Amino acid sequence: MLPRVVVFFMIAALALNLSAQQAPGVSKKAESIKRKVDSLPPHAHISVIPMQGHEQFGEFLSNDRDGFTFHDVDRKIDVIFRYVDVRKVKSGYGGYNSISGRHTDRTKAFVIAAVTVGVLGALIGAVAAAKD
């Protein structure tokens, strides 16, 4: 009886030890980011939107099992991101804002410009209507 109890506890301890050593599963979002990065050629222009912080624009350098490295063209440094810390990776990067000296997302700039023109048009229309 005693040998069976000892064997049982040894097997239970081994099972607990093995389960504690397993790495936690990666989220579906991180897996999709990894697949996107795996498909990128070296020195591809990319835009990275992290979970926290501002969009960064740069050149893809390399990737590994946990993350990837790219060269930020605005700050002129190499940046390492883990897949779980990235919300989105886009191919290419937007235009260049010569006033701020940084790259920008053209879609965002277009939306801001359209809203500004719309608001100014509405104000001009309201002033013209009020004069009549």
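The values are calculated or read from the model by the stated rules, or taken from the named source; none is laboratory data. Please read these numbers as outputs of a predicted model, since none were measured by experiment. Glycine gets a Cβ as well: all are built from the backbone with ideal geometry, and neighbour counts include every protein chain shown.
Number of residues in the range 24-78 that are in contact with a helix residue (DSSP H, G or I) (Cβ under 8 Å, 6 or more places away or on another chain) and of a type in the set (A, V, I, L, M, F, W, C): the value is 7.
Restricting the search to the range 30-60, which residues are of a type in the set (Val, Ile, Thr) and either more than 14 Å from residue 85 (Cα to Cα) or in a strand (DSSP E or B) (or both)?
46, 48, 49
In the range 112-131, is there at least one residue being loosely packed, with under 13 Cβ neighbours inside 10 Å and modelled with pLDDT under 75? Checked against the condition, which is being loosely packed, with under 13 Cβ neighbours inside 10 Å and modelled with pLDDT under 75, the range 112-131 yields no hits at all.
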